[in-house]
Structure formats: structure tokens, C-alpha cells
Amino acid sequence: MEIKIETGGQRLDKALSDLTELSRSLANEQIKSGQVLVNGQVKKAKYTVQEGDIITYHVPEPEVLEYVAENLPLEIIYQDEDVAVVNKPQGMVVHPSAGHTSGTLVNALMYHIKD
């Protein structure tokens, strides 16, 4: 992807984060790994972008997570065909993410509620 800078004065990492859907930390990772170019050249995150600069960056593929039903203890307080009320244990992560691929509320709900 390419972005033309309309107004300069920001750090490269901040400008990239503000103008895209990239988080600032992901923008920094891409800058450090050389996947972000300014006017065809690799720059550091602290580079101050100028009006007219062309930023070229790589759009990462979204990470696909598989949700797996798990037989985890879960207190279901109320359930009908539209809604379920559960007493989520303290410390239980709500949904799978990069750091928590199992043992989540979503995994438990998939096991206990089949529809």
C-alpha cells in the first residue's frame, strides 16, 4: 500500500499508525523489519515525515484462529434460544487470541451450548 503525506511533522511510526489500521507497535515492527519505505528508502521510526513523502508499507495477512470446543467448568445461570447468562470465572479470558488459544469463555460456551 502507498500513502502520500499531506501534512508533515509527525514521527513515521505515529503517522503510519494514524493513517492506517495498524497499531503503533505493529507499525514499529514493520519499520524495524524494513517493510516500510519512505520515498523508496528504509527509515527509522523516529524519522519525521514531510509533506509529499510517499510511504509504502506491507499489509499483513490477518491471523486466522481456530475456535475449539472445550469441556471447561462453566456456571450457566440462564439460557434460552437467544441468550445465555454465565458466571464467568475470574481470570478466564473471554475469547481466543494470539496469546490465549484455549481455555477461554468462547471455548467453554462452544462445548456447553451447541447451537
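Quick one: what do you get for the stretch 2-56 if you divide its Cα Rg by 2.2 N^0.38 Å? Don't jump to the answer; show the numbers that get you there.
Numbers: Rg = 9.5 Å, N = 55, 2.2 N^0.38 = 10.1 Å.
Normalised Cα radius of gyration, the stretch 2-56: 0.95.
Contact order, relative form, for the chain: 23 percent (alpha carbon pairs under 8 Å, 6 or more residues apart, mean separation divided by residue count).
Run the helix sum for the chain: -39,500 (n - 2.57) per DSSP H stretch of 4+ residues, divided by residue count, reported at 222 nm to the nearest 500 deg cm²/dmol.
Working: 3 runs with 25 residues, N = 115.
After summing the helix terms and dividing by residue count, I get -6000 deg cm²/dmol.
Could you work out Rg/(2.2 N^0.38 Å) for the chain, with Rg from alpha carbons only?
Numbers: Rg = 21.5 Å, N = 115, 2.2 N^0.38 = 13.4 Å.
Working it through for the chain, the quotient is 1.61.
In this label model, residue 80 and residue 23 are separated by 3.8 nm, measuring between points 7 Å along each Cα→Cβ vector. Going 7 Å from the Cα of residue 101 along its beta-carbon direction, which residues of the stretch 52-84 have the amide nitrogen within less than 19 Å of the resulting point? Residues 61-72 fall inside that zone.
We did not get these values from a lab; they are worked out from the coordinates using the rules stated. Keep in mind the model is a prediction, meaning the values are calculated, not measured. Please note: Cβ atoms are built from the backbone with ideal geometry, for glycine as well, and neighbour counts cover all protein chains shown.
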